[in-house]
Amino acid sequence: MRKAFLSFFIATLSILIMIGCSNNNLVSANVSDTYVENDSNDVDITESVVSSTDRASVYEGYGSNVMLQGFGWNSASSTTPWYKVISNNSAKIKANFQWVWFPPPSDAGSNEGYLPRQLSNLNSKYGTETQLRAAITAISPAKAIADIVINHRVGTSNWADFTNPTWGTNSICSNDEYFAYGNPGYGSTSKGAADTGSAYGAARDIDHTNTTVRASIKDWMNNKLKSVGFVGWRYDYVKGYDGWYVGDYNSATSPQLSVGELWEDGCPQIGLDNWVTATNHDNGKSLVFDFSTKNALNNAFGWFKDAYENGQTLKEFTYYNNYPNLTALKSSYGTPAGYIGWMPENCVTFVDNHDTGSTQQHWELRNDKVELAYVYTLTHPGLPCVAWDHFFDWGSDFQQTLIDLINIRKNNGITMKSNVNIVKAVYNEYAAIIDDKIAVKIGPGMTYNPGTGWTIIKSGTDYCIWKKSTSTTTTTVAGWIRTVVFMYKQTVSGQDIFIKGGHDEGLVPTYYPTMDEPITYRNVFNPTTASIKAADSALDWTTESALDWTCPVGTSGQPLYSTAGYGQDPENTWGMHYWKFDVNMKGAKGEWFEFKGFMRQNGVSTWENNISQTGTPYATINHWGRKGYRTRVNFNDSWVEIVALP
């Protein structure tokens, strides 16, 4: 980034439009006018051990939260204003994510927002301030994080005429190219202190030692950004100024979540850790994006570059065929490679973002291995961030895969500080047990199996995830046991979901006279299904058993499941259109039963196709559930999640 800046302001805009100011892995190869992407990221991350008592451990209160990056690199060019796109997808967003990272909100000299111009003007290429407010409201209870670009700034009409808020040239670092010979600021005595970080050539480097500048930034964050609904910050290009100032801004604004983007050559953990430590003063602590884990993922699964910079196409496919190189996921100390193996509670992990992937593709993970990378990040510690492109643009099947992985994380209580026991890490097979709750195998190798007491809950090409059984023996008991089935099926008014089913006589005690499962309904409040339930005393293959439509708590305009028999249900933490079968069954915890669903509309029943669920006593064409468990399935899909009830 350190180089002579010999072109006028307008020329710099085209450079940043192509490379993005948040891509801070750009370095100067020599004294020239060309930005060069540093390709040193293919090397292994630098490992070192520092006592945890010597370092800063920051947030620990985010549980199993997952973040969505709420935009891609070209989102500002959408034909529909981007904030409206977010609003239009709000139901899916708030059903799966707790945090949404929004693009830079202010008026800027580039479409993407990374050349901030008038900070306090929140009308941008992404939409109007009104549309921004509406989008933040629409995603609630998910929380909005603003992209804070304060390392640099452009003038309103020239290099340095800063307005809204107004700053003088003493807000510019003294070693900025603005003051260089031949440029507009040459000879000026009104200049700031020297830069406290790396230079950024395409805009004016801001002097954060200037108390007036800092006060102005804090006022903007507290009184402008918070007023539209932002509750947290994502700091762009923190390589450009000392981390202490992020701590100072956080101390003054009290964000609910703060994370910095520190993309350094080689992505060393020590650099990330030192930066977090620098922010951790006066309650100004910040998380950091874990570029060292991104480096490990790229090394393990392969990566490529297909970028357009400074008028030329730059390609790099040397490391595309790295996979399988799964030893890269384990450090020499037996911990996960990357900063999550050191201080996971300080980390936001990711597979790709608007710089590394999206349409910029500066350092993109091989596309056909992205699913494997998410299997890793969504089952391992740190706070995972999912890219908009992957969640919304890669098709419904891949979106459902990501939703499944997110739910596995949440349902099993995997957190930022979860314990990882790496049991195998060879070139073609990685296996780990997380919190002694789930086991994960990644890679084409087929030797690992966690053994008895584990049930497969998800699998795909080159991966498998097991859940540890919490049930004991299936000894026969004479009592009843609560059993729940959730079936996802998007429906409209007039469509209802039912199931039929039963047990196999070889799986349950012989005192059952038929293959029916005696049941009693625990919810009889729904008037639509009450008469059916009153006449239904068994889950069998003759009579139908009724399910009730549910949605998450907080869904606007919906009644409470506890009183109306349908609607807002605290056990539905996934989203809209989960149909619930909540009964008591005869038998013992862990006993199996089969079922199959059908939808009825205007007297016409539409059954599911054949199901091929894995991990069952034997293969059938039906779903399988277990007594004393919550079984979650999708209509017409073989996927299943089975979780023990308390």
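The values are calculated or read from the model by the stated rules, or taken from the named source; none is laboratory data. Note that this is a predicted model, so its numbers are computed, not measured. As a convention, Cβ positions derive from the backbone with ideal geometry for all residues, glycine included, and neighbour counts pool all protein chains shown. Note: areas computed on protein heavy atoms with side chains; ligands, DNA, RNA excluded. Shrake-Rupley method; radii C 1.70, N 1.55, O 1.52, S 1.80 Å.
Brief remarks follow.
- Portion, in percent, of the accessible area of the chain that falls on carbon or sulfur, probe 1.4 Å: 50
- The Cα trace of the range 231-380 gives Rg and Dmax of 16.1, 47 Å, the first to one decimal, the second as a whole number.
- Less than 5 angstrom separates the built amide H of residue 495 from none of the residues sequence-distant by 5 or more or on a different chain.
- Sites residue 436 and residue 283 - FRET efficiency at Förster radius 41 Å, r taken between beta-carbons, to 0.05: 0.75
- Ranking 275, 323, 165 by Cα position along the charge dipole of the chain, where only Lys, Arg, Asp and Glu carry charges on their C-beta atoms, puts 165 farthest toward the positive end.
- Inter-label distance for residue 522 and residue 421, nm, one decimal - labels placed 7 Å from Cα along Cα-to-Cβ: 3.1
- Counting Lys and Arg as +1 and Asp and Glu as -1 over every other residue whose Cβ lies under 15 Å from the Cβ of residue 555, the net charge comes to 0.
- Heavy-atom SASA rank of 258, 251 (probe 1.4 Å, accessible area, largest first): 251, 258
- Compared with the alpha-carbon gap, the fully stretched path from residue 78 to residue 573 is longer by 175.1 nm at 0.36 nm per residue.
- Here is the P(r) of the chain: all C-alpha pair distances, binned every 20 Å from 0, give 18, 47, 27, 8, 1 in whole percents.
- In plain terms, the chain from residue 428 to residue 610 could stretch by 62.2 nm, reckoned as 0.36 nm per residue minus the Cα-Cα distance.
- Net lengthening on full extension, residue 194/residue 166 (0.36 nm per residue, minus Cα-Cα): 8.0 nm
- Only beta bridges with both residues in the chain are counted; by DSSP, about 70 percent of them are antiparallel.
- Accessible surface of residue 578, taken over heavy atoms with a 1.4 Å probe and every protein chain present, rounds to 10 Å².
- Length-normalised contact order of the range 111-205 in % [C-alpha pairs under 8 Å, at least 6 apart]: 27
- Applying 1/(1 + (r/R0)^6) with R0 = 22 Å to the Cβ-Cβ distance of residue 137 and residue 222 gives a FRET efficiency near 0.65.
- Between the range 208-249 and the range 561-617, the alpha-carbon center distance in angstrom: 48
- Taking every Cα-Cα distance in the range 399-449 and sorting them into 10 Å bins from zero, the calculated P(r) comes out as 24, 45, 31, 0 percent.
- Average Cα contact separation per residue, the chain, under 8 Å, 6 or more apart, as relative contact order %: 11
- Scalar couplings 3J(HN,Hα) for the range 319-324, obtained by applying the Karplus form with A = 6.51, B = -1.76, C = 1.60 to θ = phi - 60°, are 9, 4, 9, 4, 5, x Hz; x denotes Gly and Pro.
- Convex hull volume per residue for the range 581-637, taking Cα atoms only, in Å³: 99
- Taking 7 Å steps out from each Cα toward its Cβ at residue 636 and residue 252 produces label points 5.6 nm apart.
- Whichever lysines have a C-alpha closer than 21 Å to that of residue 468, once near sequence neighbours (fewer than 8 apart) are set aside: 410, 417, 424, 437, 441, 458, 589, 627
- Residue-wise HN-Hα coupling along the range 539-547, computed from phi with Karplus coefficients 6.51, -1.76, 1.60 (Hz; x: Gly, Pro): 7, 9, 9, 10, 9, 8, 10, 8, 10
- Taken one residue at a time, the phi angles of the range 582-589 give Karplus couplings (6.51, -1.76, 1.60, θ = phi - 60°) of 10, 9, 9, 10, 6, x, 10, 4 Hz. Gly and Pro are set to x.
- Taking the range 161-296 and dividing mean pair separation by its residue count, relative contact order in percent (alpha carbons under 8 Å, at least six apart): 19
- Helix 243-253 vs. the chain, principal-axis angle (Cα, 0 to 90°, nearest 10): 60
- Inter-centroid distance (Cα atoms) of the range 251-268 relative to the range 374-443, Å: 23
- Magnitude of the charge dipole for the range 264-374, about its Cα centre and with charges confined to Cβ atoms of Lys, Arg (+1) and Asp, Glu (-1), is about 280 debye.
- Given charges at beta-carbon only (K, R positive; D, E negative), |dipole| of the chain in Debye: 1380
- Dipole of the chain computed with +1 at Lys/Arg Cβ and -1 at Asp/Glu Cβ about the Cα centre; of 370, 412, 337, farthest Cα towards the positive end is 412.
- Close amide H partners of residue 454, meaning residues 5 or more places away or on another chain with modelled amide H under 5 Å apart, are 469.
- Heavy-atom accessible area per residue - the chain, 1.4 Å, Å²: 36
- Folded to 0 to 90 degrees: helix 396-411 orientation relative to the chain principal axis, Cα: 80
- Projected label distance in nm at residue 212 and residue 333, using a 7 Å step from Cα toward the beta-carbon: 4.7
- Distant-in-sequence amide contacts of residue 143, defined by a placed amide H-H separation under 5 Å and a gap of 5 or more residues or a different chain, comprise 99, 100.
- A Förster radius of 41 Å combined with the Cβ-Cβ distance from residue 308 to residue 469 puts the calculated FRET efficiency at roughly 0.20.
- Charge-dipole axis of the chain as Lys and Arg at +1 and Asp and Glu at -1 on Cβ define it, positive-most pick from 149, 546, 255: 546
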